[in-house]
Amino acid sequence: MKTQPDRVGLGGGCHWCTEAVFQTLRGVVDVAQGFVCAPPPHDSWSEAVIVSFDPELIDLRTLIEVHSRTHASTSHHKMRGKYRSAIYTFNAAQAGLAIAVLGDLQSEFAKPLVTLVLDHADFKPSDERFHNYYATDPERPFCRTYIDPKLQLIRQNYSEFAEPVVAGEGA
């Protein structure tokens, strides 16, 4: 019997970068790029993705680890309103696990993690012309400068989950 995909929302940097990171992971079924909000006081829209994944192939813990290492998860930079560092959960079990994983990971970071664990409230997709941003043209200067280093980190540290991104393919 095939396992139903699970979902989690992840935000922290631009949704182009976050989309590309999770599209390259084995076990990720779909990545919806757009804007997410949580219940108040975090109800402003922030760039994020909704990741659908097969928990038999990749678990939520691994997704959270990858997320924490591929964006500025320890920075309270001025763009945090637009790029909220967050894990948007769909149920209490996910929220509990996300809090535990962040706690476990903290010792591996020199500064405190600023990533919030929030209930998912709503999602609206970004403009379709930005979907599959990296996969459609990885040679763009933005891709080379910001996304390629994140994908290299995945290939080095999560090689068992790394899938190649083929230019021109929507992942």
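Worth a mention:
- Here the 3J(HN,Hα) profile of region 113-124, calculated from phi with Karplus coefficients 6.51, -1.76 and 1.60 at θ = phi - 60°, is 5, 9, 5, 8, 9, 10, 6, 6, 10, 7, 9, 9 Hz, Gly and Pro shown as x.
- Free of any GluC sites (Glu not before Pro) that DSSP assigns to a loop and that have at most 15 other C-beta atoms within 10 Å, the longest stretch within the chain is 57-138.
- Each Lys and Arg Cβ is given +1 and each Asp and Glu Cβ -1; about its Cα centre, region 6-161 then shows a dipole of about 600 debye.
- Modelled FRET efficiency - R0 25 Å, F130 with T74, Cβ distances, 0.05 increments: 0.40
- Under-5 Å amide H pairs with D30, H placed in peptide plane, nonlocal only: S52
- Formal net charge of residues neighbouring P125 (Cβ-Cβ distance under 15 Å; K, R +1; D, E -1): -3
- Low-density loop positions, trypsin sites (Lys or Arg not before Pro), region 64-144 - DSSP coil, at most 11 other Cβ in 10 Å: K78
- Ratio of the Cα radius of gyration of the chain to 2.2 N^0.38 Å, where N counts its residues: 0.96
- 5 angstrom amide H check on R84, placed H, neighbours 5+ away: E47
- Region 1-94 - charge dipole about Cα centre, Lys and Arg +1 at Cβ, Asp and Glu -1, debye rounded to 20: 320
- Couplings 3J(HN,Hα) for region 10-19, derived from phi with the Karplus relation 6.51 cos²θ - 1.76 cosθ + 1.60 (θ = phi - 60°), are 9, x, x, x, 5, 5, 5, 5, 5, 4 Hz, where x marks Gly and Pro.
Just so you know, all these numbers are worked out from the coordinates, no wet-lab data involved. No experiment lies behind these values; they were computed from the predicted model shown. Here the Cβ is made from the backbone with ideal geometry for all residues, glycine too, and neighbour counts use every protein chain on show.
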